[in-house]
1. Among the numbered criteria (1) closer than 18 Å to GLY80 by Cα; (2) at pLDDT 60 or above; (3) surrounded by fewer than 16 Cβ atoms within 10 Å (Cβ to Cβ), which single criterion is violated by GLU167?
2. Condition first: in a helix (DSSP H, G or I), over 25 Å from LEU41 (Cα atoms), of a type in the set (Val, Ile, Thr) and at pLDDT below 90. Can you find one or more residues in segment 129-152 that meet it?
3. Considering only helices (runs of 4 or more DSSP H) fully contained in segment 1-116, which possess at least 1 residues that are crowded, with 17+ Cβ neighbours inside 10 Å and of a type in the set (D, E, K, R)?
4. Could you list all residues from segment 29-61 that are closer than 28 Å to SER133 by Cβ and of a type in the set (Asp, Glu)?
5. Being over 24 Å from GLY161 (Cβ atoms), modelled with pLDDT of 90 or more and either in contact with a helix residue (DSSP H, G or I) (Cβ under 8 Å, 6 or more places away or on another chain) or not hydroxyl-bearing (Ser, Thr, Tyr) (or both): is that true of VAL12 here?
Amino acid sequence: MPDFDVLDALLVRVEAEAYATECHGFVCGQICATGTADETLWEDFLNIQGDDDNLARTCFEEVRHLASETLAQMHSAEFGLQLLLPDDEVSMALRAEALGNWCHGFLNGYGVSETPNPAGNSEQCNEVLEDFSQICRLGIDGEDAGDEHSLMELIEYVRMGAILIFEESLPAFGQPEVLH
């Protein structure tokens, strides 16, 4: 998995419209909706404004690596998905905001991707998506982040919610379920 600080700094340098957390959420949302990360969609989402083509290529390569690693983690039998968030040394308010941004990215990636599941989502998956929408608002005021333990539980809920959505979609992708 790419280093959070490295990817975040790179996205700032290329003047992307999203930071590392939101970018990772977007890629995860795409993977959960379609089983893959569509490069055209995440490039559009990043909306790079900088003029340095070499730096932009480096950035895209890092995001390709992120997408590949994320897909491998989703297929892991050990619930291997790790959210790309700031380190624990960062203030709780900033980590809460980053989690909200991750959820915002996820909902965007999930929403712009064509879901191959004709039956739609289960009630449980729809509830997780609604919870992600609520968590997006968490980052607006870090005072609402609560204590460290609560934030860690929320991060774990988001992580497992993404895995749940992905695993529910696997049959629609024509892939067997991941056995845990």
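1. Looking at each condition in turn, GLU167 falls short on (3).
2. Yes, segment 129-152 has at least one match.
3. Passing ranges, in order: 4-13, 20-34, 53-74, 92-112.
4. ASP38, GLU39, GLU43, ASP44
5. Considered against the rule, which asks whether it is over 24 Å from GLY161 (Cβ atoms), modelled with pLDDT of 90 or more and either in contact with a helix residue (DSSP H, G or I) (Cβ under 8 Å, 6 or more places away or on another chain) or not hydroxyl-bearing (Ser, Thr, Tyr) (or both), VAL12 comes out as yes.
The values are calculated or read from the model by the stated rules, or taken from the named source; none is laboratory data. No experiment lies behind these values; they were computed from the predicted model shown. Cβ sites come from the backbone with ideal geometry, for glycine too, and all protein chains shown count toward neighbours.
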